[in-house]
Amino acid sequence: YIQVPYEICKYDSQLPYGITDYSNANADTYLALLEQNNVPYLDLRESMHTDGMTHYDAFFQTDHHWRIETAFWAYGEIVDYIEPILDVEIPNQYTSIDSYYVELTDAPVLGSSGRKTGISYGGLDTLSLIYPKYNVQASFEAPEEGILRTGTFQEAYMVYERLEGDSLYEMSQYNVYIGEDYPTTRQKCETAPCDKKILIIKDSFSRPVQAFLGTSFSRVDTIDLRYYG
């Protein structure tokens, strides 16, 4: 189990007097239950705290999602965590930011929170694209939607059309990774250094992470349980 961070820091909520948020308390309770039942987990909130990351830097200002840079960092943390569990070793090339292009787009980003408050209050965000310098040959499939993409990392895992649109209130540039949420997806990578297969029970935080994991493992499948309620 991977516990993702919330916008509100566990160690310094910075909430106004009288306002209480239970996100982190609920997460702590859940992780305690996992520990009691010997279920292994990685708490990325603690990893952020240890690495000195701030929530201001880690999250979009106008959206509840983490930035692509943070998702890439999480990918590296997850790989480090599961290597001994799966008894594999992913070469450092695949998790080092030096092996990736980091491109700042000129597309303004207005996330879900910013749409509620308005641009005048929250401003706009910027979006970085991170993609490999090394060769990746992969495929992505969303079977329920009839979607199949093949080729490089950018061709299989990224949808550049999501950066385009006439209205900031109708587009989500975060969707450039994978495209959007789907009930199930299947990723295959011919050039992956590891032949292990991974299944992710996911939400929208997983989209850029699953793309990066799709460079290191031969097969990455995802299920989004929100579509099966």
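The values are calculated or read from the model by the stated rules, or taken from the named source; none is laboratory data. Only a predicted model underlies this, so the values are computations on that prediction, with no experimental measurement involved. For neighbour counting, all protein chains shown are included, and Cβ atoms are generated from backbone atoms with ideal geometry for every residue, glycine included. These accessible areas exclude ligands, DNA and RNA; they are computed on the full protein's heavy atoms, side chains included. Shrake-Rupley method; radii C 1.70, N 1.55, O 1.52, S 1.80 Å.
Residue ranking by accessible heavy-atom surface, 1.4 Å probe, largest first, among HIS55, HIS65, HIS49 comes out as HIS49, HIS55, HIS65. With R₀ set to 41 Å, the beta-carbon distance separating ILE19 from LYS196 gives a calculated FRET efficiency near 0.40. Helix content alone sets the calculated 222 nm mean residue ellipticity of the chain: runs of n ≥ 4 DSSP H residues at -39500 (n - 2.57) each, divided across all residues, give -8500 deg cm²/dmol. Heavy-atom accessible area, probed at 1.4 angstrom with all protein chains present, ranks TYR169, TYR121 as TYR121, TYR169, highest first.
Taking every DSSP bridge with both residues inside the chain, close to 75 percent are antiparallel. Against the criterion of solvent-accessible heavy-atom surface with a 1.4 angstrom probe, ASP106, ASP51 sort, most first, into ASP106, ASP51. Rounded to the nearest whole Hz, the Karplus-based 3J(HN,Hα) values (6.51 cos²θ - 1.76 cosθ + 1.60, θ = phi - 60°) of segment 213-228 follow the sequence 4, x, 8, 9, 10, 5, 9, 10, 10, 10, 10, 10, 5, 5, 8, 10, with x at glycine and proline. Pairs of lysines in the chain whose Cα atoms sit within less than 26 Å of one another amount to 9, provided the residues are eight or more positions apart or on different chains. Phi-derived couplings, Karplus 6.51 cos²θ - 1.76 cosθ + 1.60 at θ = phi - 60°, listed residue by residue for segment 64-69: 7, 7, 6, 5, 4, 4 Hz, with x used for Gly and Pro. Listed values for segment 128-136 are Karplus-derived 3J(HN,Hα) couplings in whole Hz (6.51 cos²θ - 1.76 cosθ + 1.60, θ = phi - 60°), namely 9, 10, 10, 8, x, 7, 8, 6, 10, and x replaces Gly and Pro.
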